[in-house]
Each structure stands twice: as structure tokens, then as C-alpha cells.
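Read-outs throughout are calculated quantities, based only on the coordinates presented, and are distinct from any laboratory measurement. Keep in mind it's a predicted model, so treat the numbers as computed, not measured. Every residue, glycine as well, gets a Cβ built from its backbone with ideal geometry; the counts of neighbours run over all protein chains shown.
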Amino acid sequence: MARPRPKLSLWTRIRRFFYLFSSPLKLRASIDRLRAHHKHPYLALLRLFIPLPTWYFPLPPALSIRELWGKPDLLRARRGDIHNLWSIPLWSARDTPLRSLYRLYECMASGDYIPMGTETEYFWYQSRWSLNLIPDPQDTDPIRYAILACLAEELVHAFNWRLSLGMRRDGRHLYRERDEDPYPPYDPETVAPWTKNVPPVDAQWTVDLPADVVDAAGRLVLEEGGVNETFAKRNIVTNVGWLYTI
């Protein structure tokens, strides 16, 4: 007489499904990532399948430069477990280019530029995120709006620089056999049209900011001695080297 098969609970069946199933969503690897910060990682993964309130994650409440400046601990708290989340395809599928742009803004607004390198790398490899299609955030904070516009424009320069070297956003990079060989042609990224309507920072907007973030001319100084031209045209002093890492 055949031995009866053991009855599996619904929860065991769900866990078995995730364990045996293989897909581009990398469900098993996602479970491992979620386990680091979730008591119930399977439930956390299931929630990622539920398109509420919409499929794409909404923007988190935005902070002003006054709230962020000189507060790297606040920045780290805002970013949370972002490096693990980037490795979860289902989470990245619900992320948006505007959310990533705001994360770059928060790095600059806090004065902690280092995370901008990995954030830019993440943005770069989201190949479906065309820079010219970044939606207009219509931000009500004029300083934040100016920084966002500058970032959207400077990312175009940074990404076209990478493309000119043979790098590709889908990871299929092109390599030259010899140094004297020409660089491969590419279709350049273009700027989102809304940025051209964003005004420069007005000196009146900076009067209540900390003294170390404003110069005598009323310009916003995010990085002392910064020379980037994209930001300079909106009266913002900074450099953008972290956007150009490889």
C-alpha cells in the first residue's frame, strides 16, 4: 500500500513555489535580500506583487535643503536598505526615474555626495528610463526644483560620456580592440523638456539658509569651489564628479 503523501499547508506550498520557481524576477535571491530586514520575507515579497496604491511607488515626502543640510544620518535613514532593494528586480520594476532623481537630490542637499556614485550606476542600468522622459516633478520648493532640473540635465552629459566610451545601458558594452580604433557610434540621451523652464536660484530664496551654504552673492554653495556649469547657470556652486564614475 502506497504511503500517503503528507499534507502541505498553504504557507508551505507558497514557500516551496518560491524555492523551486526560476524566473528573471530572481525570487529566491529576492527572498534572501528581504530576509535581512524583514521578519516575514515571503510576505514582504508578496506585497511587491500588489499594485497598491499604484504599480509604481509614489514619491516619499520631500525634504528641503534646510532639513537635510549637514545631516548625513538623516540621509542614511532615508536611503535605508536601498542597496538590497536595488538587487530585487520586482522592487526595481516598481521604482521610477523621478524617485531616483530625488534620491540624488537628497545626497546633494545633505552634503554627502558619496552615495551619488552608486545611485547613478543604478539609474544607468535601468535602461528603460530614458532621460528625456523623466516627468516634470513640478516641485513647489524652488531650490529643490532647481537642483532637480540641474541633475536631470547633467545626467544627460554623464550618460552620453559613458555611451561615447562604448558603455551601454543594457550591459552589452562595446570594446575597442586597439587604442587607435574609433569609439563606437551611439544614440545620445537628450534632456527632458521641462528643465528649460526651471528658473535659477534667487538670492531671496537663500536668506534663511545656514550661512555655510550661501555665498556673498546669494548663490547656493553645495560644494566649496565647485565649477560645474550646468549648476552654475542656476546659481548653484558644486561639482558633479560622482555622476561620472565607472
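Worth a mention:
- Across segment 35-45, rounded Karplus estimates of 3J(HN,Hα) from the backbone phi angles (6.51 cos²θ - 1.76 cosθ + 1.60, θ = phi - 60°) give 4, 5, 10, 10, 5, 10, x, 5, 5, 4, 5 Hz, Gly and Pro being marked x.
- Pair K196, R176: separation of 7 Å Cα→Cβ label points (nm): 3.3
- Couplings 3J(HN,Hα) for segment 200-208, derived from phi with the Karplus relation 6.51 cos²θ - 1.76 cosθ + 1.60 (θ = phi - 60°), are x, 5, 8, 4, 5, 7, 9, 5, 9 Hz, where x marks Gly and Pro.
- GNM result for the chain, Cα springs below 10 Å: residue of R144, R76, R178 fluctuating most strongly: R178
- The GluC sites (Glu not before Pro) of segment 137-217 that meet both conditions, a loop assignment by DSSP and at most 15 other Cβ atoms within 10 Å of the site Cβ, are E177, E180.
- Total lysine pairs whose alpha carbons fall under 30 Å of each other in the chain (8 or more apart, or interchain): 6
- Relative counts (whole %) of C-alpha pair distances in the chain, using bins that are 5 Å wide: 1, 5, 12, 14, 16, 14, 11, 9, 7, 4, 2, 2, 1, 1, 0, 0, 0, 0, 0
- Compared with the alpha-carbon gap, the fully stretched path from Y183 to W11 is longer by 56.5 nm at 0.36 nm per residue.
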